[in-house]
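Chemist: Just dropping this structure here.
The values are calculated or read from the model by the stated rules, or taken from the named source; none is laboratory data. A quick note: this is a predicted structure, and the numbers were derived from the prediction, not measured. Counting neighbours? That spans all protein chains shown, and the Cβs are built from the backbone with ideal geometry, glycine included.
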Amino acid sequence: MLDDLKKDGAERMAKCVVALRNDYKRMRTGRASTSLLEHLKIEYYGSESPISQVANIIVEDARTLAVTPWDKTMVGPIEKAIYKSDLGLTPNTAGAVIRVSIPPLTEERRRDLVKVAKSEAENARVAVRAVRRDVLTDIKELLKDKEISQDDERKAADDVQKLTDKYVAEIEAVLAEKEKEVMKV
């Protein structure tokens, strides 16, 4: 029973770290990466579709992405979606291939991106602590219902705190890695 609660808490905390990593993949760092465009939605025959379902995205070089639509009529909508996105990128169309060049980041923009990364990391830490609170509440319920002893409750609370510390440290490591990547010229 307690093991199930701790295991569930660990899984949920791990998902917080995975979500942070996914958020960081979409963050622009001055290098071309297909994950920059993967979250874009394209209007495709009346429905919103992910760009990966209507086009092929490849990295041509360190600062250029090439988007090749499966259907030639999708060039316009894809170009419009890239332009309207909050990425600050300008697509260039050459026939059926859309090239997106990634401009180098200024020092000021790098600092802004580090602030955003720190904010995302804080959100992940808050999520991990919320999971801890939920698990501790469940443990206290078990104690209240006399299904576990006070000693078991204290030990389980210590274990949950150790899990929390582990995942917060992992979040810090992911943040440090992203900071280093963003600040690298």
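Chemist: Considering only residues that are in a loop (DSSP other than H, G, I, E, B), free of Cβ contacts under 8 Å to residues at least 12 places away in the same chain and not β-branched (Val, Ile, Thr), which ones fall in region 90-99? Please lay out each step first, then the result.
Modeler: At the first step, the residues of region 90-99 found to be in a loop (DSSP other than H, G, I, E, B) are 90, 95-96.
Applying the additional criterion that residues be free of Cβ contacts under 8 Å to residues at least 12 places away in the same chain yields 90, 95.
If the condition is that a residue be in a loop (DSSP other than H, G, I, E, B), free of Cβ contacts under 8 Å to residues at least 12 places away in the same chain and not β-branched (Val, Ile, Thr), then Gly95 is the only one that fits.
Chemist: Given the residues Lys178, Lys140, Lys155, which is the only one that is surrounded by 12 or more Cβ atoms within 10 Å (Cβ to Cβ) and closer than 16 Å to Asn123 by Cα? I'd like the intermediate steps shown before the answer.
Modeler: Working: Lys140 fails: closer than 16 Å to Asn123 by Cα; Lys155 fails: closer than 16 Å to Asn123 by Cα.
Testing whether each residue is surrounded by 12 or more Cβ atoms within 10 Å (Cβ to Cβ) and closer than 16 Å to Asn123 by Cα leaves just Lys178.
Chemist: Which one is farthest from Val168 (Cα to Cα), of the residues in region 106-117 that are without any contact (Cβ under 8 Å) to a residue 60 or more places away in the chain and surrounded by 12 or more Cβ atoms within 10 Å (Cβ to Cβ)? Quick ask: steps written out before the conclusion?
Modeler: Here is the first cut: in region 106-117, the residues without any contact (Cβ under 8 Å) to a residue 60 or more places away in the chain are 106-109, 111-112, 115.
Next cut, surrounded by 12 or more Cβ atoms within 10 Å (Cβ to Cβ) only: 109, 111-112.
Working: Arg109: 27, Arg111: 23, Asp112: 23 Å.
The extreme case among them is Arg109.
Chemist: How many residues, within region 30-89, are aromatic (Phe, Trp, Tyr), at negative phi and not in a helix (DSSP H, G or I)? Reasoning before the result, please.
Modeler: Of all residues in region 30-89, those aromatic (Phe, Trp, Tyr) come to 44-45, 70, 83.
If we keep only those that are at negative phi too, we end up with 44, 70, 83.
If we keep only those that are not in a helix (DSSP H, G or I) as well, we get 44, 70.
Going through region 30-89 one residue at a time, the tally reaches 2.
Chemist: Scan Glu107, Glu153, Glu147 and give me the residue that is among the acidic types (Asp, Glu) and in contact with a helix residue (DSSP H, G or I) (Cβ under 7 Å, 6 or more places away or on another chain). Show your work before the answer.
Modeler: Working: Glu107 fails: in contact with a helix residue (DSSP H, G or I) (Cβ under 7 Å, 6 or more places away or on another chain); Glu147 fails: in contact with a helix residue (DSSP H, G or I) (Cβ under 7 Å, 6 or more places away or on another chain).
Unique residue meeting the criteria: Glu153.
Chemist: Identify, from the list Arg111, Arg125, the residue that is over 21 Å from Glu11 (Cβ atoms) and assigned by TED's automatic domain parsing to the domain that holds Arg12. Show your work before the answer.
Modeler: Working: Arg125 fails: over 21 Å from Glu11 (Cβ atoms).
Matching residue, one of Arg111, Arg125: Arg111.
Chemist: Being modelled with pLDDT of 85 or more, in contact with a Phe, Trp or Tyr (Cβ under 8 Å, 6 or more places away or on another chain) and exposed (fewer than 14 other Cβ atoms within 10 Å of the Cβ) is the filter here; which residues of region 36-91 pass it?
Modeler: Within region 36-91, Gln53, Asn56 qualify.
Chemist: Which one of these is within 20 Å of Leu65 (Cβ to Cβ) and touching a residue at least 40 places away in the same chain (Cβ under 8 Å): Ile139, Ile102, Ile148?
Modeler: Values: Ile139 fails: within 20 Å of Leu65 (Cβ to Cβ); Ile148 fails: within 20 Å of Leu65 (Cβ to Cβ).
Checking each option against the conditions leaves just Ile102.
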